[in-house]
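Here the structure comes first, spelled out in structure tokens, and everything after it is commentary.
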Amino acid sequence: MITRELVLHEVGPRDGLQFEEQTVPTEQKLKWIHGLLECGLDIVQVGSFVHPARVPQMADADLLFSELKNHRSKHSNVTLSGLVLNEKGLERGLACGVDMFCMGVSASETHSRKNTGMSIAEASGRIIAMADQAEREKKKVQVSVQSAFGCGYEGEISMDRVLGLVGKFLEAGHKTISLADTAGHATPDKVEKLFNAVASLDSEAEWACHFHNTYGLALANCYAAYQMGVRYFESSFAGLGGCPFTKIAGGNVCTEDLVHMLQRMNVRKEVNLGKLIEIARDVGRFFGRDMAGYVHKSGPIPEFG
Ligand code: MG
């Protein structure tokens, strides 16, 4: 159920940092995450519970959650989310106090096998069972369809396949559903078409979008989703991101650019854009390169008059 004007889910500490060659020290991650918590975002995805040998950048996920839980009082209204791919990850996440579990199934057979070693059919069965378990443990759950708008290996993904997966989630009672454009193939017209189709399946569901900027279309896609009534956006600070198990992946839509656009539309004006920009600049200094995104370079459009 949508109870907020619009939900901002910051996924950079997970989707962003997992993609960097350099593993960011835990202390530095904590500094950025604490900064993000202060900006007024709704959900921050702290990390993923995957095998540390496979994604060493996420090896400190448990430690991060424990640390953040210990210093919770100031930001008790912010939900801390974690991504899980299997039962072992769910167990770890439950042990260290994750508030919200995110888990997904790819609509591309090739991406599913590369990302999880499972077919779509096998992955969807397991993910739904895990989502059920997380709910029994009184956790929030967000399920997603990855590669919903196209795949770097397979190209076009049929809408029927996406709708089939969404239907399975709905049938199982999981109604916070994100459609993820893992490869960045979405275009605004496709975004309209797909969100229009899923909305007709269930009027109670909460639809989220997750766009990557591989071809420079992420912000345009966010606007298209907004126009279709989507009020739940996933983005990465400094435009970090990409899936290590997809073919070519650009960063996520950049949080500060998204917030800037929304604020120009008079939405979520209370979010601290200045602080988001500061953090993005700090990320650029840390990695020693120009980060994606525009507003951290230009600053926001000035107020005139
Ligand atoms: Mg992603």
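Taking amide H as placed 1.01 Å from N in the peptide plane, the amide H of Cys102 sits under 5 Å from that of Gly82, Leu83, Val84, Gln142, each at least 5 places away or on another chain. Phi angles of segment 106-113 translate, via the Karplus equation with coefficients 6.51, -1.76, 1.60 and θ = phi - 60°, into HN-Hα couplings of 7, 7, 10, 4, 5, 4, 4, 5 Hz per residue; Gly and Pro are given as x. Using 7 Å Cα-to-Cβ label points, what is the Lys193/Met159 separation (nm, one decimal)? Going from the Lys193 label point to the Met159 one covers 0.6 nm. For the set Lys74/Lys175; Lys29/Lys138; Lys114/Lys139; Lys69/Lys140, the pairs lying more than 18 angstrom apart at their alpha carbons are Lys74/Lys175; Lys29/Lys138; Lys114/Lys139. For segment 261-305, the solvent-accessible area works out to 63 Å² per residue, with a probe of 1.4 Å and every protein chain left in place.
Overall, the accessible surface of segment 7-296 at a probe of 1.4 angstrom is composed of carbon and sulfur to the extent of 49 percent. The string of couplings for segment 265-282 from the Karplus curve (6.51, -1.76, 1.60, θ = phi - 60°) is 9, 6, 10, 6, 5, 7, 5, 7, 5, x, 6, 4, 5, 4, 5, 4, 5, 5 Hz, one whole number per residue in order, with x for Gly and Pro.
The residues packed around Glu20, meaning those with a beta-carbon under 13 Å from its beta-carbon, carry a net charge of +1 if Lys and Arg are +1 and Asp and Glu are -1. Cβ-Cβ distance of Lys269 and Gln22, R₀ of 30 Å, FRET efficiency by 1/(1 + (r/R0)^6): the value works out to about 0.30. A 1.4 Å probe run over segment 78-216, with the rest of the protein chains in place, finds 38 Å² accessible per residue.
Taking the average, over residues, of other Cβ atoms within 10 Å as the packing measure, peptides 179-192, 88-101, 52-65 rank 179-192, 88-101, 52-65 from highest down. Here the simple spin-label model places points 7 Å from the Cα toward Cβ, and for Arg231 and Glu87 these points are separated by 3.8 nm. Per residue, the convex hull around the alpha carbon atoms of segment 7-296 comes to 115 Å³. The length gained by stretching the chain between Leu6 and Leu63 to full extension, at 0.36 nm per residue less their Cα-Cα distance, is 17.5 nm. Shape analysis of segment 1-84 places it in the prolate category; the axes a ≥ b ≥ c from the Cα gyration tensor give an a/c of at least 1.5, with a/b above b/c. Report summary: the helix-based calculation at 222 nm, which adds -39500 (n - 2.57) for every DSSP H run with n ≥ 4 and divides by the residues of the chain, gives -12000 deg cm²/dmol. On the basis of the beta-carbon distance and an R0 of 25 Å, Tyr215 and Ala53 show a calculated FRET efficiency of 0.20. Take the Cα of His71, step 7 Å toward its Cβ, do the same at Glu137, and the gap between the two points is 2.5 nm.
The values are calculated or read from the model by the stated rules, or taken from the named source; none is laboratory data. None of these values were measured; they are calculated from a predicted model. Using ideal geometry, Cβ is built from the backbone for each residue, glycine included, and neighbour counts are taken over all protein chains shown. Surface areas here come from the heavy atoms of the whole protein model, side chains and all, with no ligands, DNA or RNA. Shrake-Rupley method; radii C 1.70, N 1.55, O 1.52, S 1.80 Å.
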